[in-house]
Every structure is written in structure tokens, then in C-alpha cells.
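Trainee: Below: one structure in C-alpha cells.
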Amino acid sequence: MQKVFVFGDSHAVALAEGAEALGLTTGMAFLSGNLWHLGVVRFNRNRGLVARGGAGFNERLITASETLGTPNVLEGDHLVIGSFGYQLGRLVSPLLRDGHKIAGEDVPTEQGQFVSTGFLEALVDAHRATQFRLMRQIARRRPLVVVSPPPIGDRPEYARVRDIIGDRIQSTGAHFLDSRSLLLPGAGTLPESERHEDGRHATGAFGERAMKAAIEMASAEKVV
């Protein structure tokens with residue numbers, strides 16, 4: 001496997017940097033998490049993907065197609081890696097701002113309103129349906145490895161929603177790499193040495209480790 005197509009939200013950038021560090025021919029297209037949250041990225045039979053109102057993403061798709069030597073980024077002899085389906089700030093932050101807690105946490109009930117796991121699952125399903133559908137559409141046509149964004153904070157609410165999203169990803173038929181499995185034993189968050197200077201993303205060094213793990217997963221499951 002010498003070529004890879006990496007796409008998704010801003011967390012895909014570190015993965016693409018990691019792929020390039022490994023010497024792979026890398027096609028890449030990313031779009032802001034805000035636009036992913038709005039569901040603008042869709043499957044396209046001719047080009048593979050398209051973003052309504054996402055001119056930058058569509059331009060990157062054209063460049064990626066040229067790099068990979070195929071008019072359709074989902075067709076060819078390359079591995080497809082995605083980093084999407086999360087955008088946790090859009091899902092969890094509004095709950096925390098309103099003082100909500102997740103049922104089962106060890107917190108006094110007077111400190112906030114509680115939401116159930118069922119509520120969280122419904123929240124994820126409602127806001128990520130478009131992205132999960134895209135995963136299913138791709139996975140039906142070719143192998144897809146979805147890599148979760150590395151954890152930056154250690155709030156339990158984020159971990160619970162991560163678990164729900166991970167389950168949903170696996171149900172789409174895509175191969176799932178939970179980035180938490182790449183952390184050191186006992187570490188709940190990404191180490192400072194692998195954090196981008198913006199404090200919200202990983203560096204290419206983490207992206208390289210994640211890409212190695214994704215390739216190993218793909219090889220073990222005969223994806224490539």
C-alpha cells in the first residue's frame with residue numbers, strides 16, 4: 001500500500017501529515033467541523049464526495065484526485081481513511097453550558113439536570129445521521145477506516161458520547177480505530193508533546209502513529 005486518501009474534519013490534517021511522513025502518496029480533503037455538523041458533505045457517484053457550499057473542500061477533492069490518479073477519490077488502488085462523525089464540541093458543549101449532567105455520574109442531583117444514556121444516543125443519532133449514512137455508503141463500495149479524533153480533555157461526558165459514536169461507526173460497516181487505544185496505559189488524554197499549538201488538535205507525530213495503526217488494522221483485516 002503506497003497511496004492513501006485522507007478526508008474529514010480538521011482532525012484529518014494530522015493524519016494526512018502522518019501519511020506524508022510515512023512516505024505515502026497522499027490525497028487529502030478536509031472541511032471545518034462546523035460544516036460537517038451541518039451535514040454538507042455527501043456521497044457523489046462521479047467524484048466520490050461533494051460538499052454543498054464547501055468550495056475549499058471540493059477544490060481539495062480535485063487536487064486529491066489528481067494526486068491519486070483517479071477522477072473518483074473513492075475508486076482506485078489506495079487506502080481510504082476518514083476522520084469524521086464526531087465534532088464533539090457541537091454535541092457535548094451545549095449540554096455542559098446548560099448545566100446538564102449524565103445520569104449515573106457521581107454528582108449531587110441539585111447541581112444540575114440529568115440526561116439519560118438514551119437521550120445521548122438520540123442526540124448523536126439526530127445530529128450525526130448524515131455522516132453515519134455517508135460511512136455506510138462508502139463502506140458498501142470499498143473498505144473505509146474511520147479514525148476518531150484524539151481526546152484532549154478528560155470530561156466523562158465526552159468519553160460517554162465517544163463510546164456511543166464508536167458503536168455507531170462500527171454498525172455502518174466501516175473499520176473503526178479508536179484513537180484512545182494509541183495513548184499510553186493510564187493516560188486519558190493526548191500528551192502535550194503531541195498536541196498542536198492551537199491546543200485542540202494533534203500534531204503530525206500523532207498522525208503518523210495513527211496512520212501506522214490504521215494501516216496495520218487494514219492489513220490485518222485484508223482491507224489492503
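Trainee: Calculate for the chain the 222 nm mean residue ellipticity that helices alone would give, adding -39,500 (n - 2.57) per DSSP H run of length 4 or more and normalising by residue count, nearest 500 deg cm²/dmol.
Mentor: Mean residue ellipticity at 222 nm (helix-derived): -13500 deg cm²/dmol.
Trainee: Placing +1 at every Lys and Arg Cβ and -1 at every Asp and Glu Cβ, with all other atoms neutral, what dipole size does the chain have around its Cα centre, in debye to the nearest 20?
Mentor: Dipole about the Cα centre, nearest 20: 900 debye.
Trainee: Could you state how much accessible area Thr130 has, in square angstrom rounded to the nearest 10, with a 1.4 Å probe and all protein chains kept in place?
Mentor: 40 Å²
Trainee: Where does the charge balance sit around Asp198 when Lys and Arg score +1, Asp and Glu -1, over other residues with C-beta under 15 Å from its C-beta?
Mentor: Summing Lys/Arg as +1 and Asp/Glu as -1 gives -3.
Trainee: Toward the positive end of the charge dipole of region 1-77, about the Cα centre and with charges on Cβ (Lys, Arg +1; Asp, Glu -1), which of Phe5, Val41, Gly27 goes farthest?
Mentor: Of the candidates, Val41 comes out farthest on the positive side.
Trainee: Taking the Cα-to-Cβ direction at Ser219 and at Glu192 and moving 7 Å from each Cα, how far apart do the two end points lie in nm?
Mentor: The two pseudo-label positions are separated by 3.5 nm.
Trainee: Mind putting a number on the dipole of region 123-224 about its Cα centre? Charges go on the C-beta only, +1 for Lys and Arg and -1 for Asp and Glu, and I need it in Debye to the nearest 20.
Mentor: About 580 debye.
Trainee: Taking only protein heavy atoms into account and a 1.4 Å probe, give the accessible area per residue of the chain in Å².
Mentor: Roughly 47 Å² per residue, with all protein chains present.
Trainee: Over the Cα atoms of the chain, each weighted equally, I'd like the Debye log10 I(q)/I(0) at q = 0.09, 0.13, 0.16 Å⁻¹, rounded to two decimals.
Mentor: Once normalised to I(0) and log-transformed, intensities are -0.36, -0.74, -1.10.
Trainee: Go through Phe5, Phe43 and list them by solvent-accessible area, largest first, probe radius 1.4 Å.
Mentor: Phe43, Phe5
Trainee: So which trypsin sites (Lys or Arg not before Pro) in region 157-222 pass both tests, a DSSP loop state and at most 15 other Cβ atoms within 10 Å of the Cβ?
Mentor: Arg200, Lys222
Trainee: Next up: Go from 0 up to the bin containing the longest alpha carbon distance in region 1-130, width 10 Å each, and give me the % of pairs per bin.
Mentor: Answer for region 1-130: a P(r) of 12, 35, 25, 16, 10, 2 percent.
Trainee: Computed from the mean reciprocal separation of all distinct C-alpha pairs, what Kirkwood hydrodynamic radius does region 1-61 have, in Å?
Mentor: Working: mean 1/r = 0.0834 Å⁻¹.
Over region 1-61, the inverse of the mean reciprocal pair distance is 12.0 Å.
Trainee: Okay, next question. Got a sec? Charge dipole of region 62-182, +1 on Cβ for Lys and Arg, -1 for Asp and Glu; which of Phe176, Leu144, His127 is way out at the positive end?
Mentor: Result: Leu144.
Trainee: Report, for the chain, the % of DSSP beta bridges that are antiparallel, rounded to 5.
Mentor: So the antiparallel bridges amount to about 20 percent of the total.
The values are calculated or read from the model by the stated rules, or taken from the named source; none is laboratory data. These numbers come from a predicted model, not from an experiment. Glycine also receives a Cβ, built like all others from the backbone with ideal geometry; neighbour counts cover every protein chain displayed. Surface areas here come from the heavy atoms of the whole protein model, side chains and all, with no ligands, DNA or RNA. Shrake-Rupley method; radii C 1.70, N 1.55, O 1.52, S 1.80 Å.
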